[in-house]
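The values are calculated or read from the model by the stated rules, or taken from the named source; none is laboratory data. Since this is a predicted model, take the numbers as computed values, not measurements. Cβ sites come from the backbone with ideal geometry, for glycine too, and all protein chains shown count toward neighbours.
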Amino acid sequence: MISVQVAVADNAVSNETSSPQQAIDIVKKAINYIKTNGTDKAYALFDDHTGPFVDKDLYVVVYDFNGKCLAHGANEKLIGRNLIDAQDVDGKYYVKERVEMAKTNESYWTEYKFSDPITKKLEPKSTYCEKLNDTVVCAGVYNQSP
């Protein structure tokens with residue numbers, strides 16, 4: 001089992017939380033940015049804690065279909081790691097679920113528990129994902145269902 005914790009994003013100073021619509025919007029913005037600028041430039045920007053793809057508790061993550069983390073807006077230590085076997089505190093394989101769902105769905109929501117970068121507590125999290133080629137681009141919100 002891989003244990004994963006999220007580092008607090010540098011610009012996550014507000015006590016406000018993001019909305020499900022904001023998660024959808026940032027994923028769509030991220031996909032457009034990838035299509036326009038390529039993966040290298042896009043992933044570097046997604047990983048930038050002070051960049052436009054990190055806002056409050058909202059950040060972009062990208063995985064390939066093997067579960068390898070290609071970009072992570074809250075924890076650079078996860079980039080390049082295969083997280084297919086990562087589990088939340090309840091034992092849910094949330095990365096595996098994302099990858100499997102991306103194989104048959106263009107967009108979807110998943111739910112699991114994860115460390116909120118603002119409260120630093122384990123919270124219920126709903127994550128919106130869209131498939132892009134052989135990757136899945138996601139962003140999630142805490143304590144809210146879509």
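Here's a check for you: in region 10-47, which residue that is in a loop (DSSP other than H, G, I, E, B) and buried (at least 17 other Cβ atoms within 10 Å of the Cβ) is modelled with the highest pLDDT?
For region 10-47, the residue satisfying everything is Ser18.
Please list, ordered by first then second residue, the pairs with beta carbon atoms under 6 Å, 6 or more apart or interchain, first in region 31-55 and more than 14 Å from Gly73 (Cα to Cα), second in a helix (DSSP H, G or I).
Here the result reads Tyr33/Ala42; Ile34/Ala42, each pair linking region 31-55 to a residue that is in a helix (DSSP H, G or I).
Suppose we keep only residues that are loosely packed, with under 15 Cβ neighbours inside 10 Å and either of a type in the set (Asp, Glu) or part of a helix (DSSP H, G or I) (or both) within region 65-91. Which one would you say is nearest to the chain's Cα centre (by Cα)?
Among them, the one singled out is Glu76.
Quick check on my filter: what residues within region 114-146 are out of contact with any helix residue (DSSP H, G or I) (no Cβ under 8 Å at 6 or more places or on another chain) and closer than 12 Å to Ala23 by Cβ?
Lys125, Tyr142
Have a look at Glu111, Glu106 and point out the one that is over 18 Å from Ser18 (Cα atoms) and either touching a residue at least 24 places away in the same chain (Cβ under 8 Å) or among the hydroxyl-bearing types (Ser, Thr, Tyr) (or both).
Just one listed residue meets the conditions, Glu106.
Which condition breaks for Val4 when tested against (1) modelled with pLDDT of 95 or more; (2) within 22 Å of Asn143 (Cβ to Cβ); (3) in contact with a strand residue (DSSP E or B) (Cβ under 6 Å, 6 or more places away or on another chain)?
Of everything listed in (1) modelled with pLDDT of 95 or more; (2) within 22 Å of Asn143 (Cβ to Cβ); (3) in contact with a strand residue (DSSP E or B) (Cβ under 6 Å, 6 or more places away or on another chain), Val4 misses just condition (1).
Identify, from the list Glu123, Glu130, the residue that is in contact with an Asp or Glu (Cβ under 7 Å, 6 or more places away or on another chain) and closer than 21 Å to Ile34 by Cβ.
Matching residue, one of Glu123, Glu130: Glu130.
Just to be sure, is Tyr108 hydroxyl-bearing (Ser, Thr, Tyr) and under 19 Å from Ile26 (Cβ atoms)?
When the stated conditions are applied, Tyr108 passes them.
Please note which strands (runs of 3 or more DSSP E) are completely contained in region 94-146 and include at least 2 residues that are buried (at least 17 other Cβ atoms within 10 Å of the Cβ) and in contact with a Cys (Cβ under 6 Å, 6 or more places away or on another chain).
Ranges flagged: 122-132, 135-142.
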